[in-house]
Amino acid sequence: LNTFPKAMPKILLVEDNAMNRDMLSRRLERKGYQVVLAPDGQSGLEMTRAQAPDLILMDMGLPDLDGWEVTRRLKADPATRHVPVIALTAHATSSDREEALEAGCDDFDTKPIDLPHLLAKIEALLSAGAMASTVKTAR
Amino acid sequence: MLASKSLIDWEFSFGPAKSPDDGTTIARPRTVNCPSVTIAPVFTMSQKPSVEEIETYAQGIVDAIRQPLLTLDSTLRIRSANRAFYQVFQFSSEETENRLFYELGNGQWDIAGLRTLLEDIILTGSSFNDFELEQTFPAVGSRVMLLNARKLQTDPHSERLLLAIEDVTQQRRAEADLKAIQEYAQNIVDSVREPLLILDTTLHVQSANCAFYQTFQVSREETEHRLIFELGNGQWDIPVLRALLANEKTVSKSFAFSDFQVEHNFPAIGRRVILLNTRKLQAGQHEGLLVLTMEDVTERRRAEEEVVVAKEAAETANKTKSLFLANMSHELRTPLNAILGYSEMLQEEAVERKLAGEFGADLEKINEAVKHLLTLINDILDFSKIEAGKMDLYLEDFDLIQMMDDVASTIRPMVEKTANTLHLQRAPDLGTIHADQLKVRQALLNLLSNAVKFTHQGDITFEANRESLNGREWIVFRVTDTGIGLGPEQIVKLFRNYSQANASTTRNFGGTGLGLVLTRRYCQMMGGDVTVRSVFGQGSVFTIKLPAIVREAKSQTAAEGAEAVMASNRDSLDGYTALRVVSLPEREEKRATYP
């Protein structure tokens with residue numbers, strides 16, 4: 001078994017706006033991440049199961065099935081609950097953050113993205129996940 | 001008054017005097033004062049009393065009577081007077097007896113009508129009762145007298161006239177007073193513009209006022225002494241009123257109702273909303289009367305309804321506007337996020353491909369313009385959220401020094417760009433605050449970015465202290481700059497929505513004019529406030545005071561917070577003070593104090 005962190009962590013970006021999806025995915029790829037994309041909540045759920053990403057960036061303001069609901073379902077499913085979710089909301093208010101954390105999101109960031117800030121959060125969650133899986137594997 | 005004598009008992013009777021059974025009547029019954037009362041001596045002993053004895057008894061009676069009495073002869077010369085006469089009119093018997101009546105006391109009784117009347121009695125043997133006379137007497141002043149006169153028929157005293165004088169001045173005055181009071185009351189009742197009925201205990205109208213007749217277009221004849229429910233073709237036969245008045249309490253002393261609203265279609269005036277009030281009259285002879293007033297509040301109710309509708313419409317419109325702004329801002333930000341992201345990506349790429357020298361400056365300008373635009377949109381969004389009542393507090397404990405470090409590092413690039421120096425001063429006991437971190441940060445960033453914006457090559461001090469006031473802990477942040485400062489007029493406008501120090505400020509320095517308004521609103525939401533002191537041309541000090549432990553918004557109103565801050569400001573002024581503005585929450589009013 002591979003006990004080392006993956007060379008290229010896979011990030012699922014759930015974002016309905018095509019331009020933001022393109023922009024953020026390209027910036028993440030330039031920083032060395034593998035990025036898979038989902039344009040809405042339903043495909044976000046499916047992609048999580050199909051692609052087994054290391055982390056999910058979840059836009060909360062999705063049409064139909066919104067980010068809060070998608071997160072709740074992912075966290076309710078034993079197969080996906082371990083995948084860390086960072087909620088992305090437009091111009092955060094305190095209640096947005098509270099709701100995101102209540103829905104089960106592991107962290108929270110606001111749009112417009114401050115990339116260094118977001119990268120720090122991604123790395124923190126990935127290394128925490130890697131440590132947890134290392135411990136698990138060692139047992 | 002009449003002591004029992006051994007020889008004579010006295011009999012009082014009403015009506016004509018009757019002779020004693022033994023026929024020994026000596027003195028004829030005399031009419032004294034009150035014509036229907038006669039006093040007659042009744043002799044119970046067989047022996048005949050002497051004339052002198054009888055005269056003594058008669059004089060005794062006359063003297064015992066408390067009303068002045070005079071006996072005149074046929075020439076109107078006074079033959080005798082009783083003690084009451086001397087006492088009341090203050091004459092001596094020498095001045096009185098054997099004088100002509102009309103010459104008595106310098107002719108004070110020389111009253112033309114009276115003299116004629118008295119002479120008439122002498123001639124005709126008639127009498128007069130209750131001749132009312134108003135005259136000013138030297139001894140007793142202006143008096144109203146009732147005079148009664150009788151010709152005495154007794155033989156040895158023939159041609160004698162008895163004149164009884166009753167002083168009714170007090171009685172007349174009391175009657176006049178009562179009449180004046182009644183007129184006064186009636187005038188009040190008539191001048192009341194509300195229709196008014198006075199009902200007796202059987203609910204019949206005793207009287208009504210002018211307003212009642214005018215309003216309901218009925219006459220006095222159609223109203224008085226009628227049952228209220230039968231008035232004006234039964235227009236007052238309103239079931240609720242009937243029930244109310246039929247209540248057994250109507251007869252109790254305390255019966256009253258206030259502002260009982262009746263909506264009813266009156267033939268004369270149409271559908272009206274009337275407020276009925278009743279009170280029971282309990283004074284003297286009016287006991288048992290019910291005053292019923294009718295206040296027409298139709299127009300007032302209509303106006304009130306219109307106000308409510310208008311207010312609701314205005315509130316709805318305002319919320320719609322705020323919601324529109326919030327949605328609009330959200331829509332605006334999505335493309336801006338993309339522009340910002342792509343411009344940053346291009347900047348990174350330019351550096352990687354070593355093209356920064358060629359494109360770096362322009363890409364930086366795009367980036368800055370977009371960031372500025374985002375700030376403006378965010379301010380508008382926050383403002384509209386506050387206006388729509390959708391801004392909540394998220395309270396948590398956080399470390400103040402760490403928060404200040406973060407805020408300082410956020411503002412530092414801007415400080416360096418403007419060639420300013422940032423001084424950070426934190427009290428060692430600063431510790432933590434329980435507040436909404438995002439709002440505290442944003443409030444402080446607003447103050448700092450203002451300080452940087454309006455200061456060039458100067459000093460900006462960012463400090464925080466913990467203070468105790470009224471048993472509460474406060475965290476006091478101060479942002480001091482050495483910039484252009486503010487004039488008194490500018491300070492007054494400072495916290496107004498969309499207002500900047502002057503119109504050109506927006507062009508020169510940018511901003512929505514909402515930054516300080518938002519700062520103030522955030523602080524007030526947390527039970528604190530923001531104040532400013534400034535000297536034009538020398539710089540400004542902005543102070544934020546927040547409770548160290550912010551309570552939920554509902555438990556502390558913004559007004560209480562501002563009050564506490566105002567109190568704490570009074571003792572914390574230093575030499576820098578030129579002007580202090582205390583912003584009042586809820587209203588866009590400021591009070592400027594010039595020391």
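The values are calculated or read from the model by the stated rules, or taken from the named source; none is laboratory data. If you're wondering where the values come from, they're calculated on a predicted model, not measured in any experiment. For neighbour counting, all protein chains shown are included, and Cβ atoms are generated from backbone atoms with ideal geometry for every residue, glycine included. These accessible areas exclude ligands, DNA and RNA; they are computed on the full protein's heavy atoms, side chains included. Shrake-Rupley method; radii C 1.70, N 1.55, O 1.52, S 1.80 Å.
Take B:Ala164 and tell me if it is assigned to a strand (DSSP E or B) and not acidic (Asp, Glu).
Working: assigned to a strand (DSSP E or B): yes; not acidic (Asp, Glu): yes.
Against the criterion (assigned to a strand (DSSP E or B) and not acidic (Asp, Glu)), B:Ala164 qualifies.
Among (1) modelled with pLDDT under 85; (2) open to solvent by 80 Å² or more (accessible area, probe 1.4 Å); (3) not β-branched (Val, Ile, Thr), which single condition is B:Ala27 missing?
The single condition B:Ala27 does not satisfy is (2).
I'm trying to understand the selection: among the residues of region B:399-414, which are open to solvent by 10 Å² or more (accessible area, probe 1.4 Å), under 19 Å from B:Ala548 (Cα atoms) and touching a strand residue (DSSP E or B) at 6+ places or on another chain (Cβ under 9 Å)?
Those that are open to solvent by 10 Å² or more (accessible area, probe 1.4 Å), under 19 Å from B:Ala548 (Cα atoms) and touching a strand residue (DSSP E or B) at 6+ places or on another chain (Cβ under 9 Å): B:Asp399, B:Ile401, B:Asp405.
Would you mind stating whether B:Val189 is β-branched (Val, Ile, Thr), more than 34 Å from the chain's Cα centre (by Cα) and open to solvent by less than 40 Å² (accessible area, probe 1.4 Å)?
Numbers: β-branched (Val, Ile, Thr): yes; more than 34 Å from the chain's Cα centre (by Cα): no; open to solvent by less than 40 Å² (accessible area, probe 1.4 Å): yes.
So B:Val189 fails the test.
Quick one: which of B:Arg300, B:Arg279 is open to solvent by 60 Å² or more (accessible area, probe 1.4 Å), more than 30 Å from A:Leu24 (Cβ to Cβ) and assigned to a strand (DSSP E or B)?
Numbers: B:Arg300 fails: assigned to a strand (DSSP E or B).
None of the other options fit; the residue is B:Arg279.
Given the options B:Ala149, B:Ala112, B:Ala58, B:Ala139, name the one that is closer than 29 Å to B:Glu175 by Cα and open to solvent by less than 30 Å² (accessible area, probe 1.4 Å).
B:Ala149
For B:Arg193, work out the one condition from (1) part of a loop (DSSP other than H, G, I, E, B); (2) free of Cβ contacts under 8 Å to residues at least 12 places away in the same chain; (3) among the basic types (Lys, Arg) it doesn't fulfil.
For B:Arg193, the exception is condition (2).
Could you tell me whether region B:160-169 includes any residue that is open to solvent by 50 Å² or more (accessible area, probe 1.4 Å), β-branched (Val, Ile, Thr) and either under 30 Å from B:Ser50 (Cα atoms) or under 56 Å from the mean Cα position of the chain (by Cα) (or both)?
No; the residues of region B:160-169 include none that is open to solvent by 50 Å² or more (accessible area, probe 1.4 Å), β-branched (Val, Ile, Thr) and either under 30 Å from B:Ser50 (Cα atoms) or under 56 Å from the mean Cα position of the chain (by Cα) (or both).
Suppose we keep only residues that are outside any helix (DSSP H, G or I) and open to solvent by 60 Å² or more (accessible area, probe 1.4 Å) within region A:10-38. Which one would you say is farthest from A:Asp64 (Cα to Cα)?
Of all residues in region A:10-38, those outside any helix (DSSP H, G or I) come to A:10-17, A:31-38.
After this cut, where a residue has to be open to solvent by 60 Å² or more (accessible area, probe 1.4 Å) as well, the list is A:16, A:31, A:34, A:37.
On the way: A:Asp16: 11, A:Lys31: 31, A:Gln34: 27, A:Leu37: 17 Å.
Step by step, filter region A:10-38, then rank; the result is A:Lys31.
If you check A:Ala52, A:Ala38, A:Ala79, which single one turns out to be at positive phi and away from every other protein chain (no Cβ under 11 Å)?
One residue alone meets the criteria, A:Ala52.
Condition first: among the aromatic types (Phe, Trp, Tyr), in contact (Cβ under 8 Å) with a residue 60 or more places away in the chain and open to solvent by less than 30 Å² (accessible area, probe 1.4 Å). Now tell me which residues in region B:452-485 satisfy that.
Matches in region B:452-485: B:Trp474, B:Phe477.
Which condition breaks for B:Gly389 when tested against (1) closer than 20 Å to B:Ala435 by Cα; (2) in a helix (DSSP H, G or I); (3) under 55 Å from the mean Cα position of the chain (by Cα)?
Among (1) closer than 20 Å to B:Ala435 by Cα; (2) in a helix (DSSP H, G or I); (3) under 55 Å from the mean Cα position of the chain (by Cα), the lone unmet condition for B:Gly389 is (2).
Which condition does B:Leu336 not pass, out of (1) over 30 Å from B:Pro195 (Cβ atoms); (2) free of Cβ contacts under 8 Å to residues at least 40 places away in the same chain; (3) among the aliphatic types (A, V, I, L, M), if it passes all the others?
Failing condition for B:Leu336: (2).
Report whether or not B:Asn337 is more than 13 Å from chain A (Cβ to nearest Cβ) and buried (at least 17 other Cβ atoms within 10 Å of the Cβ).
No; evaluated as a whole, the condition is false for this residue.
Going residue by residue through region B:366-380, is there one that turns out to be free of Cβ contacts under 8 Å to residues at least 40 places away in the same chain, open to solvent by 70 Å² or more (accessible area, probe 1.4 Å) and away from chain A (no Cβ under 14 Å)?
no
Please verify whether A:Met19 is at pLDDT below 95 and either over 20 Å from A:Lys111 (Cα atoms) or more than 10 Å from chain B (Cβ to nearest Cβ) (or both), treating the condition exactly as stated.
No; evaluated as a whole, the condition is false for this residue.
Can you tell me which residues in region B:216-231 are open to solvent by 30 Å² or more (accessible area, probe 1.4 Å), more than 12 Å from B:Leu197 (Cα to Cα) and not charged (D, E, K, R)?
The initial filter retains those residues of region B:216-231 that are open to solvent by 30 Å² or more (accessible area, probe 1.4 Å), namely B:217, B:219-222, B:224-227, B:230.
Applying the additional criterion that residues be more than 12 Å from B:Leu197 (Cα to Cα) yields B:217, B:219, B:221-222, B:230.
Selection gives B:Gln217, B:Ser219.
On the basis of being within 14 Å of chain B (Cβ to nearest Cβ) and over 12 Å from the mean Cα position of the chain (by Cα), does A:Leu88 make the cut?
Here the answer is no, as A:Leu88 does not meet what is asked.
Open to solvent by 50 Å² or more (accessible area, probe 1.4 Å) and more than 26 Å from B:Asn327 (Cα to Cα): does that describe A:Pro63?
Details: open to solvent by 50 Å² or more (accessible area, probe 1.4 Å): yes; more than 26 Å from B:Asn327 (Cα to Cα): no.
The answer is no for A:Pro63.
Does region B:418-438 contain any residue that is more than 12 Å from chain A (Cβ to nearest Cβ) and assigned to a helix (DSSP H, G or I)?
The answer is no; no qualifying residue exists.
Quick check on region B:343-365. Is at least one of its residues within 12 Å of chain A (Cβ to nearest Cβ), out of contact with any strand residue (DSSP E or B) (no Cβ under 6 Å at 6 or more places or on another chain) and small (Gly, Ala, Ser)?
yes
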